[in-house]
Amino acid sequence: MEIRNIQKTGKMHYVYLPTAWCKRHKIDSSSKVFLQESSDGSILISPEKRKEEMKTINLTLPSLYKDVLINLVMACYVNPASSFKISFEKKTDLGSLLNQKNMMSGLEFVDLDSENVTYESSMSISEPDALLKTMTKKIRNLLYVMIDNYSQSLIAKYEEEIDRSKILIQKSVISSLTLNQPTRIKPIELHYMLHIAIELERLVDYLIQFERDEKEFLSDLVPIIDEIKDILENISSLDYMRGIKLTKCIVDLEEYKSDSLKNANKNRIKRHLQNTAEVILDWAITKKIEN
């Protein structure tokens, strides 16, 4: 890290840009640079850069591997492509693909027929932090539905929305890192956001398997999800003690004997909460180092 003195002329403050950096990026008196303030108050200076065009992906899926179609579609979807086309090596019976089509229902602009999977959109997502905050609110609301007004259709709707939020966060983070575009969110923050989104989405996969008779267990999760939600909504003030307290609350959750699928799922939910707390504590230490 290089330290430079601030210069002042009248009411104006300025700092000289490093000569080597200017040469490397062909900066001269006619150039422009981008200034962007991060959430922690730091300023990011980036050279003027032509916006990269999003790519088109064309792939062929051999018939032997058609049962992994959804995995390939997801990999293409979360990457910064303006369009993609996955052609089947042989024309496929559409009926055999309907289950995978249902699994892709949350992916906007993806279409499937007996010969291809196609996607075309210029959609870009630039605010994964907002998506993550919304995702935690939906998980809290899902818990309230399961506790107070159990409705299978509403639970299924929340699950779909939470899954979609995770996918969009993943797409946003991968796009930001791949295209290397200036952003108000630091790469390390994108890393933490994506890990939290993945852990929370996996937690929900087990959560929705519980019936209305598990109100006590579900009620124990509410204050923890509320705390995670509040931390994410006030991430600029996150400190390590708050991360420690969250971790302790989760550690204190009951550990169940895995003598049934229900108890095994309770323990899995606890593990995903612990993983989430670990990421938040890592984030808190990163913030302390930065400050």
Query raised in the report: What ranking do 155-167, 271-283, 23-35 get when scored by the average of other Cβ atoms within 10 Å per residue, highest first?
Result: 271-283, 155-167, 23-35
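Kindly flag which residue pairs out of 137/171; 157/266; 186/288; 157/257 have an alpha-carbon separation exceeding 24 Å in this structure. All intermediate terms of the calculation are to be shown ahead of the outcome.
Working: 137/171 20 Å; 157/266 22 Å; 186/288 15 Å; 157/257 31 Å.
From the list (137/171; 157/266; 186/288; 157/257), the Cα-Cα distance tops 24 Å for 157/257.
In which sequence would 240, 77 go, from the one with the fewest C-beta neighbours within 10 Å to the one with the most? Show your work: numbers first, answer last.
Numbers: 240 15, 77 21.
With the fewest neighbours first, 240, 77 line up as 240, 77.
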Report summary line: Hits for the chain under the membrane-span-like helix rule (DSSP H, Cα axial span at least 24 Å, Kyte-Doolittle mean at least -1.0) are 128-148, 152-179, 187-207, 215-233, 261-290
Requested in this report: Report the antiparallel proportion of the DSSP beta bridges in the chain as a percent, rounded to a multiple of 5.
Outcome: 70 percent
Query raised in the report: segment 206-233 to segment 240-269: how many Å between their Cα centroids?
Result: 11 Å
Report summary line: Sorted largest first, the C-alpha extents of segment 7-47 along its principal axes in whole angstrom are 28, 27, 16
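Please give me the summed charge of the neighbours of residue 157: other residues whose Cβ is under 12 Å from its Cβ, Lys and Arg +1, Asp and Glu -1.
Details: positive: 138, 164; negative: 159, 160, 161, 163.
With Lys, Arg at +1 and Asp, Glu at -1, the neighbours total -2.
Summing +1 for each Lys or Arg and -1 for each Asp or Glu, what net charge is found among the other residues whose Cβ lies under 14 Å from the Cβ of residue 258?
Numbers: positive: 257, 262, 266, 268, 270, 271; negative: 254, 255, 259.
Cβ neighbours under 14 Å give a net charge of +3.
Read the figures in this text as sums done on the coordinates, not as results from a lab. If you're wondering where the values come from, they're calculated on a predicted model, not measured in any experiment. Cβ sites come from the backbone with ideal geometry, for glycine too, and all protein chains shown count toward neighbours.
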